[in-house]
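In what follows, a structure is listed as structure tokens, so that the remarks can point back to it.
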Amino acid sequence: MSQRRSHVILLPQGAGWEWYDALRDYVLRFRPTVTHSADDAVSFRGDAHTVTVVNPASWNKPGAARRPDQEDDILAWLSNAQQVGGARFEVDVIRATEPDALRVALARRVLESDRYGARQPADASRPPAPLPAAAPSQPVPAAPPAAAPPMAVPGVQPGKLALVWPTDFRVYTQKFGQRPEFYGKFGLPGHEGVDIRAPNGANVYACADGVVVLAGWRRAGHPYGYSVRIRHQRSDGEYETVYAHLQEGSATVKEGDLVKAGQLIALADNTGNSSAAHLHLSLKKIGAKNGGYGEIIDPEPFFVDGP
Ligand SMILES: [Zn+2]
């Protein structure tokens with residue numbers, strides 16, 4: 001197979017982790033790239049490229065009048081990229097307005113090995129009419145998954161979770177489960193994470209690729225202070241890393257962003273229930289039952305480059 005085929009799923013504007021979660025089985029099966037950047041979606045230059053647009057209505061400009069000949073803004077924009085910009089790609093539309101609807105539409109495609117929905121009935125998940133395609137573009141047949149090129153899949157990855165060290169200071173200042181007498185006051189068997197050296201203003205990096213689900217205060221007065229939470233989909237389950245006591249307003253990421261391991265996400269500080277600047281890191285495995293810690297587990301065994 002010499003043809004270099006590529007496939008990008010363009011998620012709705014502002015898509016949060018629920019949308020990524022709805023993609024999991026489909027991504028594991030067909031290995032498309034996932035983005036919520038329209039520019040990224042059309043920037044591929046393979047011999048054959050398909051953009052799957054999810055919930056195109058999410059891209060409508062607020063208050064914009066919609067002409068009968070103009071579909072949603074994003075579809076018009078893609079059509080323009082084809083005709084004026086000369087970009088060569090096929091457009092595939094899934095009109096799911098909720099993550100659950102996307103999950104259902106994709107489950108059908110997975111079940112029928114129908115990557116691009118070519119064999120799906122003309123229902124709400126299909127466009128009412130094909131887009132005008134003036135520029136020559138090659139048809140993309142539904143292919144067996146083995147023909148798909150290995151492409152990066154941000155946010156959803158096979159394999160086990162691996163964590164990289166989140167600060168420039170390779171020192172634990174308190175490990176998991178320590179000081180049970182202190183944490184008992186909060187109903188915990190011990191320290192529910194690890195504390196890592198991080199002076200005021202020190203860089204804090206994402207421990208693994210994932211999707212940002214919180215950047216800020218979870219609620220006023222929360223003991224974790226200004227914090228970032230990142231969800232990590234792996235083939236053995238879903239995880240969340242929590243970076244606590246960060247500097248107010250220092251996040252360089254926002255909810256819905258895809259981040260890479262080692263990417264700067266915020267600066268360290270002392271916000272929330274903390275007596276001195278440091279980074280508190282908690283790791284959750286969603287659905288885990290770790291005694292009095294609930295879903296929280298010890299992150300130390302997951303580090304691939306600890307102190
Ligand atoms: Zn701590």
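Odds and ends about this structure:
- Restricting the first member to region 268-286 and to residues that are within 18 Å of Thr241 (Cβ to Cβ) and in contact (Cβ under 8 Å) with a residue 24 or more places away in the chain, and the second to residues that are acidic (Asp, Glu) and within 13 Å of the ligand (Cβ to nearest atom), the beta-carbon pairs closer than 8 Å and six or more apart or on different chains are His278/Asp195; Leu279/Asp195; His280/Asp195; Leu281/Asp195; Ser282/Glu192; Leu283/Asp298.
- For region 165-198, the candidate set comprises residues that are part of a loop (DSSP other than H, G, I, E, B) and of a type in the set (D, E, K, R); within that set, the residue that is nearest to the ligand (Cβ to nearest atom) is Glu192.
- Some residue of region 204-220 being buried (at least 19 other Cβ atoms within 10 Å of the Cβ), modelled with pLDDT of 95 or more, within 16 Å of the ligand (Cβ to nearest atom) and more than 25 Å from Gly291 (Cα to Cα): yes
- Residue selected from region 160-171 under the condition over 19 Å from the mean Cα position of the chain (by Cα) and surrounded by fewer than 16 Cβ atoms within 10 Å (Cβ to Cβ), by the criterion nearest to Gly193 (Cα to Cα): Val171
The values are calculated or read from the model by the stated rules, or taken from the named source; none is laboratory data. Remember, predicted model here, so these are calculated numbers, not experimental data. So basically every Cβ, Gly included, is an ideal-geometry build from the backbone, and we count neighbours across all protein chains shown.
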